[in-house]
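What follows is one structure encoded as structure tokens, with my remarks underneath.
Just so it is clear, none of the values below were taken in a lab; they were calculated from the coordinates. All values reported here derive from a predicted model rather than from experimental measurement. Don't worry about glycine lacking a Cβ; one is built from the backbone with ideal geometry, like all the others, and counts go over all protein chains shown.
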Amino acid sequence: NAGVMQNPRHLVRRRGQEARLRCSPMKGHSHVYWYRQLPEEGLKFMVYLQKENIIDESGMPKERFSAEFPKEGPSILRIQQVVRGDSAAYFCASSPDNYNYGYTFGSGTRLTVV
Amino acid sequence: KQEVTQIPAALSVPEGENLVLNCSFTDSAIYNLQWFRQDPGKGLTSLLLIQSSQREQTSGRLNASLDKSSGRSTLYIAASQPGDSATYLCAGRGGADGLTFGKGTHLIIQP
């Protein structure tokens, strides 16, 4: 069991470019969550997805950010037209269900916007 | 909306001491509470998961307690070692909100 896999580990983008962050949940986990960690701040919830469905996106900025979890393949967090304020660590977690199990986190993608 | 607070924000103790990290949450309607460890520049490692029906969980030198009525959880680390140095995060799991994190306790164990 390879755990939650995130790639790339580090991503550098120039202002205005697009960033695509990928997350493959643990085998058997159908729930995926994305969190953002800004320097010196706590982890903030962004979005909760199940296969082909967005369940809760209340933590996602209204513009430029989108997420998907297709029937086949990893979950994708997309940030369009990145700005310096998007520089952060983005973590993905997965769980077997929503209530009875803990979350397993990936190692994160560290996005730097230059 | 759930809020999670961790005290202290930072702690530095000599090796070998027993220590307690505190976590409080505002909404007692949680399904479970999870303690994580985060090393600098790394991801989160789950340490202990306490279901809402449980009072405590133990793993090796770690013991976590949960008191829903008072909105508190503690993480007890026995016989601390330099390798325990890290940031410790607690997170309460509600319904639609998922996991809500505290800002963490940055722990340094002095050799």
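Which whole-number percentage describes the relative contact order of segment A:4-67, with Cα contacts under 8 Å and a sequence gap of 6 or more?
In percent, rounded to a whole number, it is 20.
Using the Cα centre as the reference, give the magnitude of the dipole from point charges on the C-beta atoms of chain A (Lys, Arg: +1; Asp, Glu: -1; all else neutral), rounded to the nearest 20 debye.
Dipole about the Cα centre, nearest 20: 480 debye.
Expressed in nm to one decimal, what extension gain is obtained for the pair A:ARG20 and A:ASN53 from 0.36 nm per residue of sequence separation less their Cα-Cα distance?
In short, 10.0 nm is gained.
What length, rounded to one decimal in nm, is gained on full extension from A:SER87 through to A:LYS71, with 0.36 nm per residue of separation minus their alpha-carbon distance?
So the chain would gain 2.9 nm between A:SER87 and A:LYS71.
Taking the Cα centre of chain B as origin, work out the dipole magnitude from +1 charges on Lys and Arg Cβ and -1 charges on Asp and Glu Cβ, in debye rounded to 20.
Dipole of chain B, to the nearest 20 debye: 200 debye.
Could you name the lysines in cross-link range of A:LYS62, using Cα to Cα under 26 Å and dropping any fewer than eight places away on the same chain?
Partners within reach: A:LYS44, A:LYS51, A:LYS71, B:LYS1, B:LYS103.
To the nearest µm²/s, what D does Stokes-Einstein give for chain A at 4 °C and 1.567 mPa s, using the Kirkwood radius over alpha carbon pairs as Rh?
The Stokes-Einstein estimate is 92 µm²/s.
Amide H to amide H under 5 Å from B:ARG72: which residues, 5+ apart in sequence or cross-chain, H placed 1.01 Å off N in plane?
B:PHE25, B:ASP67
Quick check: pseudo-label points 7 Å beyond the Cα along Cα→Cβ at A:MET5 and B:ALA9, how many nm apart are they?
It works out to 3.9 nm between the two label points.
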